[in-house]
Amino acid sequence: MQDQPLFAPYRMGALDLPNRIVMAPLTRMRADSQSHAPSLLQAEYYAQRASAGLIIAEATAISADGFGWADTPGLWTEEQVRGWSRVTDAVHKAGGRILAQLWHTGAISHPELRDGVQPLSASDVNPGQVSVTPSGRKPTVTPRPLTKEEIRSTVQDYARAARNALAAGFDGVQILANYLYLIAQFLNSTTNLRRDEYGGGIDNRARLLLEIVEAVLGQVDAGRVGVKISPMHETNAFAANQETLPVTEYAIERLNQYDLSHLLLMGNTTDFTGTPLEQLRDDGMFQHFRPLFKNTLIANVKMDRGRGNRLIKAGLADLIAFGRPYIANPDLVERFAAGRPVAEIDWETVYASGARGYSDYPTWQQAESNKLEASVSER
Ligand SMILES: Cc1cc2nc3c(=O)[nH]c(=O)nc-3n(C[C@H](O)[C@H](O)[C@H](O)COP(=O)(O)O)c2cc1C
């Protein structure tokens, strides 16, 4: 089985990975709701998954202004850094490697998460999405555009969060630049109507991302910094338009100049049929972007063992990230190595609290011995 490409060791930037299996970042809402510090439960959960070649920890707010999803963690206070130190220690003791994912939610935040204050974004465009507040899911509101001074301090908040990530023992950082959040709100021509140097043409809309990358590189070596980015087709303001692909191509080509450790590229999560992204369906995403990015490419979305092995073998990806499969399979690596089936997710407990459906998923071996015990006690 170890002739599977997924099991070939790999050097990603400054990190030696024992295999090509990456745990994708997964928000699970188990951080303290007041301090936004990660809990001991989170240390246990991540340590259980330490056989992954690399773990990318859940999206983590860079600042109070960037915070925008109930019960998620941050990286701007000492208490949060201490909480994360326990997580990184536990992962390292278990033999793993873990990156922090830096997050500013922008317009996806909500006044309920910000003491009644409007969230911040590129422009005053309601993205028409959902905010996850302490009292449940709410429609997003119209955000307030960041001033240029606030953009400068936001870039510095990324730098501080990157510094804090190293202080907390992370092996590096990943900048979350896609999906619906602040950087994507700047990249997207529907949500960015600015008339200054951060809006208008593609180069201006990508300026915030590149300034953030440069500020983070002031704190962390390039061999430990990556970006998660991809063109997406979502609802309302995030429906793909004629600029969605060109702005992503431009950003990825510009990212090459920094010699970053990796790019985490998501395939399509929605149906691209009839959209300007149609050609990027399925493997089309990786076929299109592999030639554009010179360093490590991590392919993600709806991967399984067979597809992962195939994409690496075809030269379309260096590493494969698994998100949902990691929820119910702490031993995903061992299951792939032995050709065992993967366990199903209990969706009720994905965004919940406590250990149930979080750190209590058994390994394949534990599940087998549980079954055996149950059948013995039935007799
Ligand atoms: C419960 C859940 C939480 C997620 N949280 C994050 C997150 O915090 N940051 C992020 O970049 N992506 C997040 N994602 C997206 C995953 O990282 C991944 O890109 C997506 O699930 C597709 O991979 P998969 O098909 O292997 O699940 C989340 C996905 C799920 C299902």
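In segment 1-14, what residues are surrounded by 14 or more Cβ atoms within 10 Å (Cβ to Cβ) and within 23 Å of the chain's Cα centre (by Cα)?
Result: Leu6, Phe7, Tyr10, Met12, Gly13, Ala14.
Taking only segment 27-36 into account, find how many residues are closer than 17 Å to Gly323 by Cα and either more than 14 Å from the ligand (Cβ to nearest atom) or surrounded by fewer than 18 Cβ atoms within 10 Å (Cβ to Cβ) (or both).
Number satisfying all stated conditions: 1.
Of all residues in segment 37-76, count the ones that are away from the ligand (no atom under 14 Å from the Cβ), more than 25 Å from Ala337 (Cα to Cα) and either modelled with pLDDT under 95 or not aliphatic (A, V, I, L, M) (or both).
Residues meeting the conditions: 4.
Enumerate the helices (runs of 4 or more DSSP H) found wholly within segment 281-338, keeping only those where 3 or more residues are more than 23 Å from Tyr361 (Cα to Cα), touching a residue at least 24 places away in the same chain (Cβ under 8 Å) and not charged (D, E, K, R).
Qualifying helices (runs of 4 or more DSSP H): 284-289, 305-313.
Restricting attention to segment 15-39, and to residues there that are farther than 19 Å from Glu112 by Cα and of a type in the set (D, E, K, R), which single residue is nearest to the chain's Cα centre (by Cα)?
Arg28
Which members of segment 339-365 meet the condition of being in contact with a Leu (Cβ under 8 Å, 6 or more places away or on another chain), within 14 Å of the ligand (Cβ to nearest atom) and in contact (Cβ under 8 Å) with a residue 40 or more places away in the chain?
Tyr358
Just one of (1) aliphatic (A, V, I, L, M); (2) within 12 Å of the ligand (Cβ to nearest atom); (3) touching a residue at least 40 places away in the same chain (Cβ under 8 Å); (4) farther than 13 Å from Leu6 by Cα trips up Ile252, so point out which.
That leaves (2) as the condition not met.
Which one is surrounded by the most Cβ atoms within 10 Å (Cβ to Cβ), of the residues in segment 277-321 that are within 16 Å of the ligand (Cβ to nearest atom) and either modelled with pLDDT under 95 or of a type in the set (S, T, N, Q) (or both)?
The selected residue is Asn300.
The values are calculated or read from the model by the stated rules, or taken from the named source; none is laboratory data. What you are looking at is a predicted structure, and each value in this text was computed from that prediction instead of being measured. Quick reminder, even Gly has a Cβ in these numbers, built from the backbone with ideal geometry, and neighbours come from all protein chains shown.
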